[in-house]
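Inspection log for the structure reproduced underneath, given as structure tokens.
Rule-based calculations on the coordinates, nothing more; no lab input. Remember, it's a predicted structure, so these values are computed and weren't measured experimentally. Neighbour counts are summed over all protein chains in view; Cβ atoms, including those assigned to glycine, are modelled from backbone coordinates with ideal geometry.
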Amino acid sequence: MNRLICAVLNWLGFFVGRPISGLLTGYELPRDFSLRFDTDSPLCFGIGASRGQTIRLLQSCYKCPTNPVFESASATFSTPS
């Protein structure tokens with residue numbers, strides 16, 4: 001019965017798993033960060049072409065992160081008119 005419930009929840013897009021102490025899951029990034037990095041002020045690089053979601057996540061996880069960010073220029077991806 002548990003397998004059926006887990007299968008249905010996974011099919012609906014929910015992750016169901018048993019938390020194992022000290023194991024990185026890849027699903028709860030703030031928890032994984034706290035297990036992997038033992039500092040309140042890490043150096044975090046944001047390299048992407050998005051809207052800064054990763055930087056906001058890192059700022060919510062740490063008290064004083066340093067965030068040099070490299071975003072691509074919007075002109076690079078615009079369509080010529």
Self-check item: trypsin sites (Lys or Arg not before Pro) restricted to segment 1-62 and DSSP loop, no more than 12 other C-beta within 10 Å
Solution: 51
Quiz item: With the Cα gyration tensor of segment 3-67 giving a ≥ b ≥ c as the square roots of its eigenvalues, does the rule (a/c under 1.5 for rounded; else a/b larger than b/c for prolate; else oblate) give rounded, prolate or oblate?
Solution: oblate
